[in-house]
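Please read the structure below before turning to the comments.
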Amino acid sequence: MSESDRDTEALYERAIGEWGPAAQIDKLTEEAAELAAVCARRQNGLAADGELAREAADVEIMLEQLRQLIGDEPIEAARDAALDELERRLDAADAEKAVTDGGQPAETTSSEDDDVDVEGELLDTLEELRLLAIRLDAREDVVLAYYASQAVESLEQAATTIQQREATEGRPQGGDAA
């Protein structure tokens, strides 16, 4: 059944009602850790795109449930700020490239492009989780803030691993939305 054929909002409400907000945040932490692990395995050639897609879908579903818990507005505000920062960094990189190599962009392969997309997705997820942790901390919801912080730490480790591997392998690093 496609998403257009089901009421995902109602489905998420049922899940939150059935298992509770804390359990769903636990599940987000689990899914984020699984995504981070698959990202690391993919970088080592040990995971296929299908496995990565499944884990990314699981994290997206859990993040959508979090949006129901905390609302869209703070997440969108943080996402906009992260995109502004990404644009600023890319503009700075373009300006530096124009100075250092006469403006000729480096050739990339589709494999490198795929890696950049994976890192970008990971960093987008990381930014959403950072915002969640801050918002939960402000609400003094200690348990939920703890689990969100744990998910942030897991994704930060995965992002660091990806960046280190890219630097070691001499591949260009992807944008940083954080």
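Only the coordinates and a few stated rules stand behind these numbers; no lab work does. Keep in mind it's a predicted model, so treat the numbers as computed, not measured. For neighbour counting, all protein chains shown are included, and Cβ atoms are generated from backbone atoms with ideal geometry for every residue, glycine included.
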R0 = 35 Å: FRET efficiency of residue 90 with residue 137, Cβ-based, nearest 0.05? 0.70
Could you sort the peptides 91-97, 142-148 by per-residue average Cβ neighbour count (10 Å cutoff), highest mean leading? 142-148, 91-97
